[in-house]
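The values are calculated or read from the model by the stated rules, or taken from the named source; none is laboratory data. Source: prediction; values computed, not measured. Note that each Cβ is placed from the backbone with ideal geometry, even for glycine, and that neighbours are counted across all protein chains shown. To get the accessible areas, we keep the full protein, side chains included, count just its heavy atoms, and leave off ligands, DNA and RNA. Shrake-Rupley method; radii C 1.70, N 1.55, O 1.52, S 1.80 Å.
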Amino acid sequence: MNLERFGGERGAVLADHADREALDALAAARGWNRIDARPPGFSELGRQVWLAGDTAQIVYLESPELGARVVCVVGDEAEPAEEVFAAVTAVLPTVPVDEILAGLLAEPMAGPRDLVRGLNRLMAADMPALASGGRRPEDPRYRQVVERLAGHPERQVRRALLSVAAGMAAVRPELAEPILARRDEETELGDLMDAFAEAVEARR
């Protein structure tokens, strides 16, 4: 079993009120062995990993930078891994990606704080894929979010969008185009936009 294989199909962003101690209790009750434990740093992911026999690894990730937490499960066989994931999400409330996207595309538009929070959660949902470097299937809703927020009047929203799009570039490179289309119009965040454009060009 290879930790680098874990992906979003068995991953979920945790709700704010999710209690990680419930995961500790579940692991103890099921006899899962903790094989890795790293506290979060200022810009470093916190990580807890349990081994569920020979069937699955349970990975808990915490990003102070994004203010988000993720739980995911990887296994060599789909059925036992799905069973473990179901057990984990039964004790840890999650926020589905569909809900995150719906919030970012809602009418009327959410306030800046909620938009930044939604963008951060959207990136958090891709953290497992980012760890493995696997490109995610294109979803037109992601591009709609980018096109909608690239010209947002609030600087902090556009800044968060640039940061998230840059962070997700390895798994969702298609998000760069609608941002670069507004390069000449972005005057407040010109340096960040230039750095973003340079990074995009370097990956080509």
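The table below lists the values:
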| item | result |
| --- | --- |
| Qualifying residue in the range 23-34 (condition: open to solvent by 20 Å² or more (accessible area, probe 1.4 Å), in contact with a helix residue (DSSP H, G or I) (Cβ under 9 Å, 6 or more places away or on another chain) and aromatic (Phe, Trp, Tyr)) | yes |
| Test for Asp76: is it open to solvent by 50 Å² or more (accessible area, probe 1.4 Å) and over 30 Å from Ile35 (Cβ atoms) | no |
| Cross-chain or 6+ apart pairs with Cβ under 6 Å, the range 39-56 first and closer than 19 Å to Asp24 by Cβ, then in a loop (DSSP other than H, G, I, E, B) | Pro40/Pro64; Gly46/Pro39; Gly46/Pro40; Trp50/Trp32; Ala52/Trp32; Ala56/Gly75 |
| Total residues in the range 148-161, condition without any contact (Cβ under 8 Å) to a residue 40 or more places away in the chain and either closer than 13 Å to Leu122 by Cα or small (Gly, Ala, Ser) (or both) | 2 |
| Total residues in the range 63-79, condition closer than 18 Å to Gln48 by Cβ and free of Cβ contacts under 8 Å to residues at least 40 places away in the same chain | 2 |
| Selection within the range 133-150 - assigned to a helix (DSSP H, G or I) and under 19 Å from the mean Cα position of the chain (by Cα) | Pro140, Arg141, Tyr142, Arg143, Gln144, Val145, Val146, Leu149 |
| Qualifying positions in the range 110-137 - surrounded by fewer than 15 Cβ atoms within 10 Å (Cβ to Cβ) and at pLDDT 95 or above | Gly111, Arg113, Asp114 |
| Cβ pairs under 6 Å, 6+ apart, first in the range 120-147 and more than 12 Å from Met168 (Cβ to Cβ), second assigned to a helix (DSSP H, G or I) and open to solvent by 50 Å² or more (accessible area, probe 1.4 Å) | Ser132/Glu4 |
| Pick from the range 151-204, criterion open to solvent by 80 Å² or more (accessible area, probe 1.4 Å) and in a loop (DSSP other than H, G, I, E, B), ranking: modelled with the lowest pLDDT | Arg204 |
| Filter result for Ala68 (among the small types (Gly, Ala, Ser) and closer than 22 Å to Asp126 by Cβ) | yes |
| Residue match in the range 66-73 (condition: closer than 24 Å to Arg158 by Cα, buried (at least 16 other Cβ atoms within 10 Å of the Cβ) and out of contact with any strand residue (DSSP E or B) (no Cβ under 8 Å at 6 or more places or on another chain)) | yes |
